[in-house]
């Protein structure tokens with residue numbers, strides 16, 4: 001099956017368990033939801049109907065829609081996607097401190113359960129580092145988590161801030177550890193994992209090397225899985241907005257079986273852990 005924004009047509013080699021969750025993807029719909037400002041990061045053919053083709057190919061049924069950078073703090077496209085996908089969907093929003101408590105409650109009713117801070121590239125970031133802690137404290141009462149997408153050097157520089165955040169902290173894309181498990185950021189993340197409140201998204205393998213094996217990603221992912229298998233989740237990052245050449249999503253999904261060879265652990269990563277983190281029944 002050919003899926004937009006994905007190469008290859010074959011299904012994954014291993015079958016996704018029932019209620020498997022893709023914990024990190026984005027929806028773009030420029031016709032119905034134009035971005036607040038012109039953006040080169042907009043992706044074509046990345047609407048809910050296109051993503052349903054992805055689900056049919058990979059075998060996942062639950063999903064977490066993350067507001068993409070192109071939409072800045074406009075979360076309407078994400079809320080609309082959750083409504084279309086129904087009870088098997090949740091969302092992660094991007095907000096500013098100016099947001100009202102009433103708006104936060106409205107988004108909670110629409111399936112939002114976390115806020116994301118993407119500051120990997122400060123030139124295009126919609127938020128700043130000083131916003132993280134005040135907003136984390138505001139959303140804690142809603143039971144939301146804080147999702148962090150920083151470079152490894154930024155994680156090290158912000159270590160004290162990250163470790164004092166309230167509630168649950170979720171790291172994106174293997175923590176962007178470009179130097180592998182020897183990166184100082186790994187020690188920061190590992191301390192937080194050991195503390196029991198941090199989670200890791202096993203996603204973005206193409207940020208760590210070339211297909212099909214993405215070898216540089218494997219030692220990092222395995223180290224996280226060994227440290228806290230009960231707080232690992234998987235995400236596709238479809239439609240892969242950072243990639244001009246779209247990856248094969250079946251290959252990316254099959255990496256889970258390499259990173260977690262044990263079937264029980266894979267089931268936790270794909271089904272049980274997301275159900276706990278995102279509140280799926």
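Of the residues that make up segment 9-27, is at least one part of a loop (DSSP other than H, G, I, E, B), touching a helix residue (DSSP H, G or I) at 6+ places or on another chain (Cβ under 7 Å), modelled with pLDDT of 95 or more and closer than 13 Å to residue 77 by Cα?
Scanning segment 9-27, I find at least one residue that is part of a loop (DSSP other than H, G, I, E, B), touching a helix residue (DSSP H, G or I) at 6+ places or on another chain (Cβ under 7 Å), modelled with pLDDT of 95 or more and closer than 13 Å to residue 77 by Cα, so the answer is yes.
Which of the residues spanning segment 65-92 are in contact with a helix residue (DSSP H, G or I) (Cβ under 6 Å, 6 or more places away or on another chain) and in a strand (DSSP E or B)?
65, 89, 90, 91
Please enumerate the residues belonging to segment 109-126 that are touching a strand residue (DSSP E or B) at 6+ places or on another chain (Cβ under 8 Å), more than 17 Å from residue 241 (Cβ to Cβ) and either part of a loop (DSSP other than H, G, I, E, B) or without any contact (Cβ under 8 Å) to a residue 24 or more places away in the chain (or both).
110, 111
Could you list, in sequence order, all residues of segment 165-199 that are out of contact with any helix residue (DSSP H, G or I) (no Cβ under 7 Å at 6 or more places or on another chain) and under 23 Å from residue 126 (Cβ atoms)?
If the condition is that a residue be out of contact with any helix residue (DSSP H, G or I) (no Cβ under 7 Å at 6 or more places or on another chain) and under 23 Å from residue 126 (Cβ atoms), then 168, 170, 172 are the ones that fit.
Would you kindly identify the helices (runs of 4 or more DSSP H) lying entirely within segment 200-281 that contain at least 2 residues that are closer than 26 Å to residue 47 by Cβ?
Values: elements: 217-227, 249-259, 263-267, 273-278.
Because the criterion is at least 2 residues that are closer than 26 Å to residue 47 by Cβ, the helices (runs of 4 or more DSSP H) in segment 200-281 that meet it are 249-259, 273-278.
Might you check whether a residue that is in contact with a strand residue (DSSP E or B) (Cβ under 6 Å, 6 or more places away or on another chain), crowded, with 17+ Cβ neighbours inside 10 Å and under 26 Å from residue 1 (Cα atoms) occurs anywhere in segment 250-260? Outline the logic, then answer.
Residues of segment 250-260 in contact with a strand residue (DSSP E or B) (Cβ under 6 Å, 6 or more places away or on another chain): 256.
Still in the running and crowded, with 17+ Cβ neighbours inside 10 Å: 256.
Among the residues that remain, those that are also under 26 Å from residue 1 (Cα atoms) are: 256.
So far as segment 250-260 goes, yes, one or more of its residues are in contact with a strand residue (DSSP E or B) (Cβ under 6 Å, 6 or more places away or on another chain), crowded, with 17+ Cβ neighbours inside 10 Å and under 26 Å from residue 1 (Cα atoms).
The values are calculated or read from the model by the stated rules, or taken from the named source; none is laboratory data. What you see is a predicted model; the values in this text were computed from it and never measured. For neighbour counting, all protein chains shown are included, and Cβ atoms are generated from backbone atoms with ideal geometry for every residue, glycine included.
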